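Engineer: This is the structure, below, for whatever I ask next.
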Amino acid sequence: MKLKSFDNIYHIHKGSEVKRWFYFFLILTVLIMFLPWTQNIRFTGSVSTLYQDQRPQQLNSPIPGRIIKWYVKNGDNVKQGDTLLQLAEIKPEYLDSQLVQRTQEQVQAKKGVRDYYEAKVSTTNTQLKAISEARRLKLKQLEVKISQLNNKIAAEEAELAAVNNELKLSEDQYNRQKRMYEEGLVSLTQFQQRSASYQNALAKRISAENKLAQTRQEILSVNIEQNAAIQDYTEKLSKTEGERYQSMGQIEGSTGEIAKLENQVANYQARQGLYYVLASQDGQVVQLNKSGIGEILKETESIGTIVPKKVNYAVEIYVKPVDLPLLAAGQRVMCTFDGFPAIVFSGWPNSSYGTFAGKVVAIENNINVNGLFKALVVEDKNQKPWPPQIKMGSGVQGIALLNDVPIWYELWRNINGFPPDYYTLNKEKSTKADEKAE
């Protein structure tokens, strides 16, 4: 008896279709080998930005101080200029609550001292003029006196000459009378009279010579007085001039001290403005590492981080040295961001889902400590915009697109270990890149 179940389980009499399926898959494989395949290099990176002012900024304490009040907490959104926390002084030299006012009083006191010395300089200038005028008058007076004495000497010299002539005449008369007396021609009385006249003439000459010598002595005394007056007034002028220069030095010193004190006032006023730590830009406050009230901050110590609100995102990618020659400025890159679903066919970028287009804008010339080269990729404005939900520092997977080749060529290249073909944008872009490189 023939069982139906036996025929259904054991297909002994059924013909095989393995050969048909073999040829089908063989033809399908050959066709697939001639399908286009986009060569690419894969890399990893992170979200960043091209601009330094759009990167996360550290919040630092501008001065050493003690925290007395917080105005924000972790995660708060702030605007530029918002107060984050308030500090109080801890340095003894700044603890005076009226420090600025007292320093301004010191400035006013120094200005008063400077005004005093300026007045003293003005008075000294008047004294110098008075002493110079007195010196001029005194020397003029002595010059007049010397002139008078010179005139007196001239008169006395003339008088002496007349007396000498008179003496010579009296001497001749005396000698004649003496000879005549000795010869008995004149009387003794006449001889004595002539002798008395001669003695009187001789006395007149001695008197005239004494007067002339006295006048000359007076001229010498006046010359000495003139030199003494010059020395005395020169000493007075020098002393007064020294006091003037000393006062001028005090003025300059006071001016320097005033400038120094005014600088201190400005510094104290600026320091009081640093008691409140302000937000440097719009953003979100994160990673606050100080807690509570009364904690002490050192100068430039980090308080936390502020993440800018408005960011022009870019992607930092890291490329192996062997793949570096395949990258060029302006090259197209497909990116997938962490947290955003994506279906990627690396060889068929147009069939991928969840990828976002970008282009290379810069490639660093130095290698990083991780042994890779860094390149920067920005959003391609002509393609689908990048998602606004991406955040700074999130991970990125990327694919740099190269030439379109058949699948068989790509398999053959990988089996032989050959590098991908160099990617060329077009003649115009290549020329611009070459000019830029030159």
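Engineer: Just rank S122, S195, S48, fewest to most, by other beta-carbon atoms within 10 angstrom. Before the final figure, lay out each step's value.
Structural biologist: Details: S122 12, S195 16, S48 21.
Final ranking by Cβ density, sparse to dense: S122, S195, S48.
Engineer: Can you list the HN-Hα couplings for the stretch 54-71, worked out from phi with the Karplus curve (6.51, -1.76, 1.60; θ = phi - 60°), rounded to whole Hz and with x for Gly and Pro?
Structural biologist: Using θ = phi - 60°, the values come out as 9, 7, x, 10, 6, 9, 10, 6, x, 9, x, x, 10, 6, 10, 6, 9, 10 Hz.
Engineer: Suppose each label sits 7 Å from its Cα in the direction of the beta carbon; what would the A266-E243 distance come out to in nanometres?
Structural biologist: In this crude label model, A266 to E243 measures out at 3.7 nm.
Engineer: Follow-up. When the Cα atoms of the stretch 107-155 are enclosed in a convex hull and the volume is divided per residue, what value in Å³ results? Mind dumping the intermediate values first?
Structural biologist: On the way: hull volume 1.5 nm³, N = 49.
With only Cα atoms used, the stretch 107-155 gives 30 Å³ per residue.
Engineer: Considering amide H positions built from the backbone, and no H for Pro or chain starts, which residues 5 or more places from A314, or on another chain, come under 5 Å of its amide H?
Structural biologist: So A314 has HN proximity to S48, T49, L50.
Engineer: In whole Hz and in residue order, list the ³J(HN,Hα) couplings for the stretch 183-191 that follow from phi through the Karplus curve 6.51 cos²θ - 1.76 cosθ + 1.60, θ = phi - 60°; x for Gly and Pro.
Structural biologist: After applying 6.51 cos²θ - 1.76 cosθ + 1.60, I find 8, x, 7, 10, 7, 5, 5, 5, 5 Hz.
Engineer: Any idea what the alpha-carbon Rg over 2.2 N^0.38 Å comes to for the stretch 245-300?
Structural biologist: 2.02
Engineer: Another question, if that's okay. Is there a pair in K79/K381; K79/K309; K320/K374 whose C-alpha atoms are over 18 Å apart, and which pairs would that be? Before the final figure, lay out the partial values.
Structural biologist: On the way: K79/K381 29 Å; K79/K309 9 Å; K320/K374 9 Å.
Over 18 Å Cα-Cα: K79/K381.
Engineer: At q = 0.12, 0.16, 0.21 Å⁻¹, what is the base-10 log of I(q)/I(0) for the stretch 146-233 according to the Debye formula with one equal point scatterer per Cα and no solvent? Please give it to two decimals.
Structural biologist: Values returned for q = 0.12, 0.16, 0.21 Å⁻¹ are -0.52, -0.70, -0.91.
Engineer: Then there's this: Let me check I have the definition right: for the stretch 201-338, take the eigenvalues of the Cα gyration tensor, multiply each by 5, take square roots. What are those semi-axes in whole Å, largest first?
Structural biologist: On the way: eigenvalues 1879, 143, 24 Å².
Here the semi-axes work out to 97, 27, 11 Å.
Engineer: Moving on to the next point. Which aspartates and glutamates have a Cα lying under 20 Å from the Cα of K310, excluding residues fewer than 8 positions away in the same chain?
Structural biologist: D53, D76, D82, D282, E379, D380
Engineer: Something else about it: Mind listing P(r) for the stretch 99-273? All alpha-carbon pairs, 10 Å bins, whole percents.
Structural biologist: Values per bin, smallest distances first: 9, 18, 13, 12, 10, 9, 8, 7, 5, 4, 3, 2, 0, 0.
Engineer: Amide H of A362: which non-local residues (sequence gap of 5 or more, or other chain) have their own amide H closer than 5 Å, using H built in the peptide plane?
Structural biologist: L376
Engineer: To continue, here is another question. K310 versus E364, label points 7 Å from Cα toward the beta carbon: distance in nm?
Structural biologist: According to this spin-label approximation, the distance is 2.8 nm.
Engineer: Continuing with the same structure: With 10 angstrom as the radius, rank Y94, Y117 by how many other C-beta atoms surround their C-beta, starting from the fewest. Provide the component values of the computation, followed by the final result.
Structural biologist: Details: Y94 16, Y117 20.
Least to most surrounded, the residues fall as Y94, Y117.
Engineer: Oh, and also: Please work out, to two decimal places, the log10 of the ratio I(q)/I(0) at q = 0.15, 0.30 Å⁻¹ from a Debye calculation in which every Cα of the stretch 224-268 carries one identical scatterer.
Structural biologist: -0.55, -0.92
Engineer: Subtracting the Cα-Cα distance from 0.36 nm times the residue separation, let me have the gained length for M33 to Q141 in nm, one decimal.
Structural biologist: On the way: separation 108, 0.36 × 108 = 38.88 nm, distance 13.00 nm.
Gain in length upon complete extension: 25.9 nm.
Engineer: Sorting V315, V78 on the 10 Å Cβ count, fewest up front, what's the list? Provide the component values of the computation, followed by the final result.
Structural biologist: Values: V315 26, V78 20.
Result, fewest neighbours first: V78, V315.
Engineer: Please report the relative contact order for the stretch 99-273, taking Cα pairs under 8 Å with a sequence separation of at least 6, and give it as a percent rounded to a whole number.
Structural biologist: With pairs under 8 Å counted, the relative contact order is 51 percent.
FYI, it's all coordinate maths here, none of it is from the lab. Computed from a predicted model, the values in this text were never measured in an experiment. Note: ideal-geometry Cβ built from the backbone for every residue, glycine included; neighbour counts use all protein chains shown.
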